[in-house]
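Worksheet: the structure to be examined is printed underneath.
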Amino acid sequence: MRELVLYHHPFSRAASVVWMLEEIGQPYRLEYVDFAANQQKGPELRALNPMGKIPILVDGEAVITETAAIGLYLADRYALGRLAPALDSPDRGLYLRSLFFPSAVMEPSALAQLRGWEVPASQAGFGDHASMLATLDALIGKGPYILGDTFSMADMVLGASLRYMLRFKMVEATPHRFGYAERLGHRPALVAADAKNAEIINARGLGR
């Protein structure tokens, strides 16, 4: 089994990719990216991602960036049928929608609301904030997970964004949203990922 490499900083979206890797169960290595030294903007990492951002996942000759794309790649390659519905499954549509809803709709809508940006809904790909929240609640559904009783990569991608937004009060912590986030927080892989991120924070003195 070859080793996956994740370019990582615990105060970045790469922190949630650690959760994905723990759930996948493949060997992996974290390559620390020094934000204080602006390492993410250096030539080595820009060669992998011209945006100068992480997470960056390297799997042999494959280089994947963008959190949702990393999740899609990992689940399809290493956990198809376990953390991703089969390609011909009726659940595949809801799964894919939920994977990309956070970056395409949730996050820009929440940021626009937080900053007081006035963006006409007809001109914004993320629509209006009320519709975003209604759709979020519908995607979470009756639970316990997005695909009902089946936990999937969609829960990791959407759940990580929701946990962040709840933590920083970017969306209201309704019982429905809080309950979903709390369920995810009990998953052993997420507990292990949080511990690894915390260990790096302490070892690097990032919390001081």
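Read-outs: derived from the displayed coordinates by stated rules, not from any lab. Remember, predicted model here, so these are calculated numbers, not experimental data. Quick reminder, even Gly has a Cβ in these numbers, built from the backbone with ideal geometry, and neighbours come from all protein chains shown.
Some values worked out for this structure:
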item: Dipole of segment 92-187, positive direction: furthest Cα of Leu136, Ser152, Ser98, with charges on the beta-carbon; result: Ser152
item: Loop chymotrypsin sites (Phe, Trp or Tyr not before Pro), segment 27-132, which have at most 11 other Cβ atoms in a 10 Å radius of their Cβ (DSSP); result: Trp117
item: Per DSSP, loop GluC sites (Glu not before Pro) in segment 1-90 with at most 12 further Cβ within 10 Å; result: Glu3, Glu61
item: Listed residues Ile64, Asn49, Leu30: farthest to the positive end of the dipole of segment 1-90 (Cβ charges); result: Asn49
item: Test item: Cα-centred dipole of the chain, Lys/Arg +1 and Asp/Glu -1 on Cβ, debye; result: 400 debye
item: Computed label-point distance, nm, for sites Trp117 and Phe35 using a 7 Å Cα→Cβ extension; result: 2.0 nm
item: 222 nm mean residue ellipticity, helices alone, for the chain (DSSP H n ≥ 4; -39,500 (n - 2.57); rounded to 500); result: -15000 deg cm²/dmol
item: For segment 43-132: rounded, prolate or oblate by the Cα gyration tensor [a/c cutoff 1.5]; result: oblate
item: DSSP-assigned coil residues among chymotrypsin sites (Phe, Trp or Tyr not before Pro) in segment 133-190, each with at most 14 further Cβ atoms within 10 Å; result: Phe168
item: Close Lys-Lys pairs in the chain, where close means Cα under 28 Å and separation is 8 or more or interchain; result: 6
